[in-house]
1. Scan segment 30-74 for residues that are basic (Lys, Arg) and at pLDDT below 85 and report the count.
2. Name the helices (runs of 4 or more DSSP H) wholly within segment 74-183 that hold at least 1 residues that are exposed (fewer than 15 other Cβ atoms within 10 Å of the Cβ), aliphatic (A, V, I, L, M) and outside the structural domain of Asn314 (by TED's automatic domain parsing)?
3. Can you pull out the residues in segment 226-236 that are surrounded by 15 or more Cβ atoms within 10 Å (Cβ to Cβ) and in a strand (DSSP E or B)?
4. Which condition number does Thr387 fail, the rest of (1) among the β-branched types (Val, Ile, Thr); (2) buried (at least 18 other Cβ atoms within 10 Å of the Cβ); (3) modelled with pLDDT under 85 being met?
5. Could you list all residues from segment 429-443 that are of a type outside the set (S, T, N, Q) and assigned to a strand (DSSP E or B)?
6. Write out, first by first residue and then by second, each pair whose Cβ atoms fall under 7 Å of each other, whose residues are 6+ apart or on separate chains, and whose first residue, in segment 347-360, is in the same structural domain as Gly248 (by TED's automatic domain parsing) while the second is buried (at least 18 other Cβ atoms within 10 Å of the Cβ) and of a type in the set (Lys, Arg).
7. Whether any residue in segment 356-371 is of a type in the set (Gly, Ala, Ser) and under 30 Å from Leu123 (Cα atoms) is what I want to check.
8. Return yes when Ala229 is of a type outside the set (S, T, N, Q), under 29 Å from the mean Cα position of the chain (by Cα) and on the phi < 0 side of the Ramachandran plot and no when it is not.
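The values are calculated or read from the model by the stated rules, or taken from the named source; none is laboratory data. Because the structure is predicted, anything quoted here is derived from the model rather than measured. FYI the Cβ positions are ideal-geometry reconstructions off the backbone, even for glycines, and counts take in every protein chain you see.
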Amino acid sequence: MTPTPLPARLRPLAWTLAAFGSAVLLHVDRLPPWITAFAIGAIVARLTLALRGARMPNAWVRVGVALTLTVGVLASFRTLNGLAAGSALLAAMGSLKLLETRARRDDYVMFGVALFLLLAACLDRQALTRVPLYALQLWVSCAALAVIATPDALSGVKAPLRLAGRALLYALPLALILFLFFPRLPGAFWALPNASGAVTGLSDEMSPGQIDELTDSDAPAFRVEFEGATPPPQQRYWRGPVLQSFDGTTWRRDRGRYFLEPRVQFEGPAYRYRVTLEPHGRNGWFALESVVASPSRKVQLTLDRRLISAEPVNEAVSYTAMSHPRTVTHEPLSRLGWRYSLELPPGQNPRTLALASRLRAATPDPSAYARAVLGYFAREGFEYTLTPPRLSGNAVDEFLFSTRRGFCGHYASAYATLMRAGGVPARVVTGYLGGEWNPIGRYYIVKQSDAHAWVEIWLDGRGWVRVDPTAVVAPERLQRGLYDLLPGAASLATRLTRENAWLAEFAQGWDALNTAWRKRVLEFGEGSQLALLERLGFDSPQWRELGLALGLGMIAWLAWMTWQSRFWLRAARPDALARAWRALNAKYARVGLARGAAEAPLAYAARIGRARPDLAIEAEALAREYADLRYGRERRAIAVRHFAGSVRRLRLSAAPRIP
């Protein structure tokens, strides 16, 4: 059964509703459900009123609804400011505006609302998977604009979409030129505050079991591209929160208790790299130990050599850093440093304290004592596992002398406790270890499952020295990822991906594509523009060269559009039959027998015959031949040429011949 076509008068409204509705759908997972329901209801109601020719709600009803919607948005977001609340208010008011659309001007307003909602969606999320949705929405909106502007010229669905698609394709080179060469201000235009970022990073405290929550996640924490040499796996420690305070169960970062750290000298090769950090909702940035300086003016390099941002990381951020594998100092640790780094809660873990006393008595040298404790872990049957038994009470005692099963958090906590109990300053450092190589994108991806904890101890003449007790129990952890070491710890989806070569390659390719999108498009700024100009042959490019490149690009696009226009002009030129018919009309016009604009060929020939009987037979023959060729079932080229030849041979006199 063929569907009933939409009346011509409703075509602009239908396209306006389609553009607005698809724009609202871009925000469907961000909007409160009641706004989405109201938008759908308004679209259905407006179309129903138009089909029935019914009256729309009066002004007082619309004012009341507008106030109610404003209060609802304010109650849902606690504000009317910001991207989320502003988008919701725009969607709600746009829905209400539908109920007063009458003239073409109103359709233009709704078109503008759809474009603003599209812009808000682009500012909110720039993931590669959403690009086709944004392109489709822009296509539909431009098609709606074409129908609103010329409702009688475009019928059906294909014609507006074809016109809009062709216009967008012609505009694409111009958009690319502006993207590449229009001068950029420092920073990203879309770097708006976004409080919806997931909190998945490391926190400022650790109990044995806390890091286990992160190892269940295969989500990326950050990606790293090294410039030049790459450190070996056993040196890829990514420094995070440094935990100084211990209450017997939980390690925490000291707040309000600081001490001056000695000045350090860097040892080993320098590694330069670029980190792309995923949003995690906290203020910590991650860098390879030991980072030389802060990569940004908005980020502080703390006394314990951790990077702290002034704002939470709610959007992906990229930065370049340089690190050395180790540091050394010949300055002493301050008195406060000794005090804070030896503190233990009184009356807890007595068996651990007794073990430390025995080992320390046998090894008075701090370095020898540190090795002796590692030897204890190596020979006493400890096991690395992500499913250890639950600890209670004196957690360190229970782990060292009873369960002896745990992961990095257990070993770091127990080792630091033994060090402090033996008079060696110690602290726990959390972060990430390792990273998986992506051969397609040529970078390392560090995942939440790479979360790790280790210990730093103070040795006079050397400073803070990293000791990883997990390496004694599970040395493979330093060379391999967690899922390679414990395949059973991975989820079903992760195991399928890792065990299937095709799925693994697809996952790496998709991640590389997303990374390239972020690096080449989302992070394309002033520095990227100047680097592009250098690759194009400009020496030491500045703003002037950037303007020159922009001007040349615009000229090239205009030249291309001019070249393309010849096809449009040729397409608009009359065909051979029409040109011959116009030539015939011109000949008759020169003898005072011009054809009317709406005069049909046979009617025109009849009028010529009445005015000039001497021309009647030939005029009727030519008009009938033209009508057959123009409106007949088939038109042969040879017949058209015969008609054109007859027109060329026709000779007309200004007055009829007198016999």
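1. 2
2. Passing ranges, in order: 104-124, 131-149, 158-181.
3. Phe226, the sole residue that qualifies.
4. Result: Thr387 passes all but (2).
5. Listed by number, the residues that qualify are Val429, Gly431, Tyr432, Leu433, Glu436, Trp437, Tyr443.
6. none
7. Checked against the condition, which is being of a type in the set (Gly, Ala, Ser) and under 30 Å from Leu123 (Cα atoms), segment 356-371 yields no hits at all.
8. no
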